[in-house]
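Here is the structure we will look at, set down as C-alpha cells.
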Amino acid sequence: MTSTSSSYADSKAIVQQALTALIATGDVDALARSLRDDFVHHRPDARNSTKTEWLDSVRAALVHLAGMQVDIQLVLADRDHVMMHSRRWLAGGPEIAVVDIWRIRDGLIAEAWEIIEPVAEATGHLTWWAPGH
C-alpha cells in the first residue's frame, strides 16, 4: 500500500469510526473526540456551526432519530476529504438521501458539509433550473 492510499484509508477510517459510534450507540461524546476544537459544520443555507453548536444540534436531533436506519451507499476518500452518500429513514417515516463531505486534518475531522434531500421530493428537484421552480 502506498502512502497515498494509506492516507485515504486513514481518512475513511476516522470518519467511519466517528459515525459508527454515533449511529450505533448515540454516543455524541465519542463523535466529539473525533472533531478538532476548531471544527466547522457547513449547511447549504450558508449557515456555519462551531463544534459546540453542531454537537448540541446533534444531541437535540438524536431524541427524534432513535431507531433511524442508515444505509451507506458509497464512501470515497481523496487525500484529506471523505465523501459519504447514504439513505436514512425512521420506522414509518420519510426516507432521505444524504451526502456528507468531511475534511480531515491532523487525524481529526476539521470540517463537514451536509446536503439532505427527502427522497419523495427528488423528482421535483430534477428541473430546478426551469422557469416557475
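Only the coordinates and a few stated rules stand behind these numbers; no lab work does. Given the structure is predicted, the values throughout are model-derived calculations rather than measurements. A quick note on method: Cβ atoms are made from the backbone with ideal geometry, for glycine too, and the neighbour counts reach across all protein chains shown.
Quick one: which residues, 5 or more positions from Leu108 or on another chain, have an amide H under 5 Å from its amide H? H modelled 1.01 Å from N in the peptide plane, none for Pro or chain starts.
Amide H neighbours of Leu108, under 5 Å, 5+ apart: none.
Stretched out fully, how many nm does the piece from Ile115 to Thr25 gain, at 0.36 nm a residue minus the Cα gap?
30.1 nm
May I ask you to evaluate 6.51 cos²θ - 1.76 cosθ + 1.60, the Karplus curve with θ = phi - 60°, for each residue of the range 28-38 and list the ³J(HN,Hα) values in order in whole Hz, giving x for glycine and proline?
5, 5, 5, 4, 4, 5, 8, 9, 5, 4, 9
So if the hydrodynamic radius of the chain is defined as the Kirkwood radius over C-alpha pairs, what does Stokes-Einstein give as its diffusion coefficient at 25 °C and 0.890 mPa s, in µm² per second?
The diffusion coefficient I find is 154 µm²/s.
Please give the contour-minus-distance gain from Thr123 to Ser7: 0.36 nm per residue of separation, less the Cα-Cα distance, rounded to one decimal in nm.
38.0 nm
Modelled label-to-label distance, Asp37 and Ser57, 7 Å Cα→beta-carbon offset: nm?
2.3
In debye, nearest 20: dipole of the chain around its Cα centre with unit charges on the Cβ of K, R (+) and D, E (-)?
That gives a dipole near 80 debye.
Between Asp80 and residues 5 or more places away or on another chain, which pairs have amide H atoms under 5 Å apart, with H built 1.01 Å from N, and which residues are they?
When sequence neighbours closer than 5 places are left aside, there are no close amide H contacts.
In whole Hz, with x marking every Gly and Pro, tabulate ³J(HN,Hα) for the range 89-100 from phi via Karplus 6.51 cos²θ - 1.76 cosθ + 1.60, θ = phi - 60°.
Here the 3J(HN,Hα) series is 7, 9, 4, x, x, x, 8, 10, 9, 10, 10, 10 Hz.
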